[in-house]
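Asker: One structure coming up, written as structure tokens, with questions to follow.
Coordinate-derived values only; no laboratory data. Values in this document were obtained by computation on a predicted structure and should not be read as measured data. Neighbour counts run over all protein chains shown; Cβ positions are idealised from the backbone, glycine included.
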Amino acid sequence: MSNILAKAEPYLFLTPAFAILLVFLIFPLFWNIYISFHDVSFITILKNWEYSGWKNFVDLFSDPNFYTSLKITVLFVAGSVALQFGIGMLMAVLLSQKVRAAGTLRAIFIIPWTISAVIAAFSFKFIFDYNFGILNYILQQIGLQPVGWLIDPNIVIWSLVIANMWYGTPFTMLFITAGLLSINPSIYEAAVIDGATKFRSFLHVTLPLLKPFIVINLILITMWSVNFFDLQLVMTGGGPLFASTTASLYMYRQAFEFGLLSKGAAAGLILIIINISVAFVYLKLLRR
Amino acid sequence: MQKATIRNNRVWFFAERTLIYALIAILLFVTIAPLVWVFSTSFKRNEESISFPPKFLPENVTFDNYKFVLTDPGLVHSLINSFVVSIGSTILSVTVSALGGYAFARFEFKAKNLIMSVILGLFMIPVVINIIPLYTMLSAAGLLNSSLALILTFQILIIPLNILLLKNYFETIPKDLEESALIDGCSRLGVLRRITMPLSMPGFAIAAVLAFRFSWNEFILPIVLANRPDSMVFQVALYQFISIYRIEWGYLTAGITLAIIPVLVLMLVFQKQMIRGLTLGAIRE
């Protein structure tokens, strides 16, 4: 008896955590599939849900706004990942160059990442404001025309990319810093003794050793940019019209703005597939 | 010849240092300028905050914006909600994660590696994908617009991370102390509470600060699951606020500053440990 109990003990310790994760994280993934094959909206949510076959997916793929949202997602993700990675890497490498007060600088660079996305969004909404924003003021001071940062459909997504760069870059810096710290300094010394210049030793010694960190970092920030829509929701609500509605925001808007929960769930399923593909592609790259 | 090379090297060295510090200065400016601008605006009168040309520093420092935010019944109520939800969520997640982390740190069991890799895999699931199913589930359970709904759903953001954090911390504590207590007839739970926990306070502190940070900052789950005036948290209230007071930037920037303070204070206090924790925590986003 006590033997069985002793065997069961670790599982008992894990039960509360696992119960919560099962109910609120794992089960909903499958429930999402169920919803996407039924007719669920704000009107029908409390009634019986009727099976609707592929209707929600047909609706989804015949909606031009969905295709627009996929296109915008590509722009948003490509822009965000390129800038966050480039600048985050630069920050991490600069701070590793025996800089004064590197610890304090690092703590300051992290600040954007410790505040909420809503706050970041409001701050940038304020800065990008067409009439009262500081950015347009500066442009006019130097004799340029004001720009419709958040109201011009062709520009709005790039304004969001800039806000996302500001908000997300600290994470890449942290992650790459952790990678740089994990590299044994004697490896550099060896390279320098062999007569390698700093730049060459970075290219041929540091980068290859950093590769696993870089790939995981890229997976995370890519997936994050695909799914992240706090900034868009607060700064533009996805507008003007659908000009800044990325796929994840499209899912949210269908469900909670238009009340079409099952169409949103269908979009969510596509989003899961996109996420899995992203992870898969990068992991393939890592293996090579 | 030799001297020339050395001088050349020195020139290069200074050029390189100048470049490094110049780049750092630019990055520093870009990082803090938006927040300084918001902070400065929060002390301006509303006419001044939208005046053109903008003033970089408030002409007459005023606390009226803060007074407004802190006396608006709806906003104050949402601030209280935020504290209730964040503290509740922190306590629940640290308790549950401590039990889970302890199981990984101290027991040998069959499915250990399997369960560990499941937890690592759970890190990768983007939580936003769950908002629609969670909405229908909590609606059916009658839990929409309750603090409990937020406290429970926030756990999925925090638990996997905190289990890992606490497991790692428990592993740094020698087993001998626990073993003698076990021989004295203390139960495992008793050992965790009386011996392991007091020795792991720094680990618990990091876990609690991270849990608080995630709970306080979360926006998407609350806006979907609790958006009624009586149940909304501060982040959601600020969002609603903008549709009511469209261009009252003075009020809004004051609200922003207030929303930043709790987490920023915690981060500054636990700065060193946080950087480690955050690197792990980042995976959650």
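Asker: Based on DSSP H assignment, which helices of chain A show an axial Cα extent of at least 20 Å together with a mean Kyte-Doolittle hydropathy greater than or equal to -0.5?
Answerer: Values: long enough: A:2-21 (28 Å, 1.01); A:64-95 (46 Å, 1.51); A:156-181 (38 Å, 1.47); A:207-227 (29 Å, 1.60); A:261-287 (39 Å, 1.64).
Counting only whole DSSP H runs, the qualifying helices are A:2-21, A:64-95, A:156-181, A:207-227, A:261-287.
Asker: While we're looking at this one, here's another question. What order, most packed first, do the peptides B:202-214, A:99-111 have when packing is the mean number of other Cβ atoms within 10 Å of each residue?
Answerer: Numbers: B:202-214: 21.8, A:99-111: 15.5.
Highest to lowest by the protection proxy: B:202-214, A:99-111.
Asker: Once phi is turned into θ = phi - 60°, what whole-Hz ³J(HN,Hα) does the Karplus curve with 6.51, -1.76 and 1.60 give for every residue of region B:100-117, x standing for Gly and Pro?
Answerer: Going residue by residue, I get x, x, 5, 4, 6, 7, 10, 10, 9, 8, 3, 7, 3, 5, 4, 5, 4, 6 Hz, with x marking Gly and Pro.
Asker: Using the crude model of +1 on Lys and Arg Cβ and -1 on Asp and Glu Cβ, and no other charge, please compute the dipole size for the protein assembly as shown relative to its Cα centre, in debye to 20. Present the calculation step by step, with values, prior to reporting the outcome.
Answerer: Working: 38 positive and 27 negative charges, 327 e Å.
It comes to approximately 1580 debye.
Asker: Once phi is turned into ³J(HN,Hα) by the Karplus curve 6.51 cos²θ - 1.76 cosθ + 1.60 with θ = phi - 60°, what whole-Hz value does each residue of region B:141-151 show in order, with x for glycine and proline?
Answerer: 7, x, 9, 4, 6, 10, 5, 4, 4, 5, 4
Asker: Restricting to lysines 8 or more places apart or on different chains, can you count the pairs in chain B with Cα atoms under 30 Å from each other?
Answerer: Lysine pair count for chain B: 10.
Asker: Let me ask something additional. Let me confirm one metric for peptide A:223-230, namely the mean number of other chain beta-carbon atoms within 10 Å of its residues' beta-carbons. If you can, show how the numbers build up before the last one.
Answerer: Numbers: counts 4, 5, 0, 2, 7, 4, 3, 8.
The per-residue average across the peptide is 4.
Asker: Can you pull the mean other chain C-beta count within 10 Å for peptide B:19-27?
Answerer: Numbers: counts 1, 6, 4, 0, 4, 11, 0, 0, 10.
What the average comes to for B:19-27 is 4.
Asker: Would you be so kind as to identify which of A:N164, A:A121, A:L285 lies farthest towards the positive end of the dipole of region A:63-287, taking Lys and Arg as +1 and Asp and Glu as -1 on Cβ and the Cα centre as origin?
Answerer: Of A:N164, A:A121, A:L285, it is A:L285.
Asker: Given H placed 1.01 Å from N in the peptide plane, which residues other than close sequence neighbours of B:I173 have an amide H under 5 Å from its amide H?
Answerer: Those qualifying (amide H under 5 Å, at least 5 residues apart or on another chain) number zero.
Asker: Now for a different question. If you count, for each residue, the other Cβ atoms within 10 Å and average over each peptide, how do A:202-208, B:57-63 line up from highest to lowest? It would help to have the intermediate numbers written out before the result.
Answerer: Details: A:202-208: 13.7, B:57-63: 11.6.
Sorting A:202-208, B:57-63 by mean packing, highest first, produces A:202-208, B:57-63.
Asker: Under a cut-off of 21 Å between alpha-carbon atoms, report the lysines in cross-link reach of A:K47, not counting same-chain residues fewer than 8 places apart.
Answerer: A:K55, A:K263
Asker: Here is a further query. How do A:W158, B:W249, A:W49, A:W224 line up, fewest other C-beta atoms within 10 Å first? Show your work: numbers first, answer last.
Answerer: Details: A:W158 15, B:W249 25, A:W49 18, A:W224 21.
Lowest count first: A:W158, A:W49, A:W224, B:W249.
Asker: Quick query: amide H of A:H38 versus all other amide H atoms, modeled in the peptide plane; which residues come in under 5 Å with a sequence gap of 5 or more or a different chain?
Answerer: A:S52
Asker: Follow-up question, since we're still on this one. Have a look at A:F13, A:F126, A:F57 and tell me which one the Gaussian network model of chain A (Cα, springs below 10 Å) gives the largest fluctuation.
Answerer: Among A:F13, A:F126, A:F57, the largest mean-square fluctuation in the Gaussian network model of chain A belongs to A:F13.
Asker: Is it possible to state the helix-based mean residue ellipticity at 222 nm for the protein assembly as shown, with each DSSP H run of 4+ residues giving -39500 (n - 2.57), the sum divided by total residues, to the nearest 500 deg cm²/dmol? What is it?
Answerer: Values: 28 runs with 413 residues, N = 573.
That calculation yields -23500 deg cm²/dmol at 222 nm.
Asker: Only four residue types carry charge here, +1 at the Cβ of Lys and Arg and -1 at the Cβ of Asp and Glu. Report the dipole size of chain B about the Cα centre in Debye, rounded to the nearest 20. All intermediate terms of the calculation are to be shown ahead of the outcome.
Answerer: Numbers: 22 positive and 16 negative charges, 176 e Å.
Around 840 debye, computed over chain B.
Asker: Taking the Cβ of B:N60 as the center, what net charge do the other residues with Cβ under 15 Å away carry, scoring Lys and Arg +1 and Asp and Glu -1?
Answerer: Working: positive: B:K44, B:R45, B:K55, B:K67; negative: B:E47, B:E48, B:E59, B:D64.
That sum, taken over residues with Cβ under 15 Å, equals 0.
Asker: Region B:100-193: which trypsin sites (Lys or Arg not before Pro) are DSSP loop and have at most 14 other beta-carbon atoms within 10 angstrom? Display every interim value, and only then the final one.
Answerer: Values: sites: B:R106, B:K110, B:K112, B:K167, B:K175, B:R188, B:R193; in loops: B:K110, B:K175.
Hits after loop and neighbour filter: B:K110, B:K175.
Asker: Output wanted: per-residue J couplings in Hz (rounded whole) for region B:162-175, from phi through Karplus 6.51 cos²θ - 1.76 cosθ + 1.60, θ = phi - 60°, x for Gly and Pro.
Answerer: Result, ordered by residue: 6, 4, 4, 4, 6, 4, 4, 5, 4, 5, 7, 9, x, 6 Hz.
Asker: Then there is this: Among B:N130, A:V81, B:I242, whose Cα sits farthest toward the positive end of the charge dipole of the protein assembly as shown (+1 at Cβ of Lys/Arg, -1 at Cβ of Asp/Glu, about the Cα centre)?
Answerer: A:V81
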